[in-house]
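Enquirer: Here you go, one structure.
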Amino acid sequence: MIQIHKCHAFGCDEHIHPRFLMCAKHWAMVPKRSQTKVLKTYRKGQEIDKNPSNEYLFAAKEAIQAVQIKEAHG
Ligand SMILES: [Zn+2]
């Protein structure tokens with residue numbers, strides 16, 4: 001089942017596969033340390049049962065904020 005899933009970066013409407021957090025452009029703006037955290041805490045199938053861990057949600061939030069800060073500063 002493929003659902004419409006959008007990039008989580010602020011203001012981005014790019015459609016992406018649900019297992020990814022962001023589109024390629026925004027993901028590339030996430031600091032390596034944050035990328036690693038998101039990938040490490042991702043659990044296979046979490047996008048299907050909609051039950052990601054708190055660790056994943058925290059890592060995802062950090063990554064989204066990092067992109068937002070980068071965009072705000074050009
Ligand atoms: Zn995006």
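Enquirer: For a quick check: with amide H placed at 1.01 Å from N, whose amide H comes under 5 Å from K6's, ignoring anything fewer than 5 positions away on the same chain?
Expert: I16
Enquirer: So, by mean Cβ neighbours within 10 angstrom, what's the order for 57-64, 28-35, 39-46 with the highest one leading?
Expert: 57-64, 28-35, 39-46
Enquirer: Sticking with this one: Tell me, what is the FRET efficiency for R43 and A72 to the nearest 0.05, using R0 = 22 angstrom and their Cβ-Cβ distance as r?
Expert: Taking R0 as 22 Å, the efficiency between R43 and A72 is 0.10.
Enquirer: Under 13 Å from the Cα of K40, which aspartates and glutamates turn up, not counting those fewer than eight places away in the same chain?
Expert: Those aspartates and glutamates meeting the cut-off are E55.
Enquirer: Among all the lysines, which ones have a C-alpha under 18 Å from K70's C-alpha, if same-chain residues fewer than 8 places away are not counted?
Expert: Filter leaves K25, K32, K61.
Enquirer: What is the gain in length, in nm to one decimal, between T36 and L57 on full extension, counting 0.36 nm per residue of separation less the C-alpha to C-alpha distance?
Expert: Contour length minus the Cα-Cα distance gives 6.2 nm.
Enquirer: What whole-number volume per residue, in cubic angstrom, does the convex hull of the C-alpha atoms of the chain give?
Expert: For the chain, the hull spanned by Cα atoms encloses 82 Å³ per residue.
Enquirer: Against the longest principal axis of the chain, how steep is helix 54-72, in degrees 0 to 90 to the nearest 10, with axes from Cα atoms?
Expert: Approximately 30 degrees, to the nearest 10.
All of the numbers you see were taken from the coordinates with simple rules; none came from a lab. Just so you know, these numbers come straight off a predicted model, no measurement behind them. Ideal geometry is used to build each Cβ from the backbone, glycine not excepted, and the neighbour counts take in all protein chains shown.
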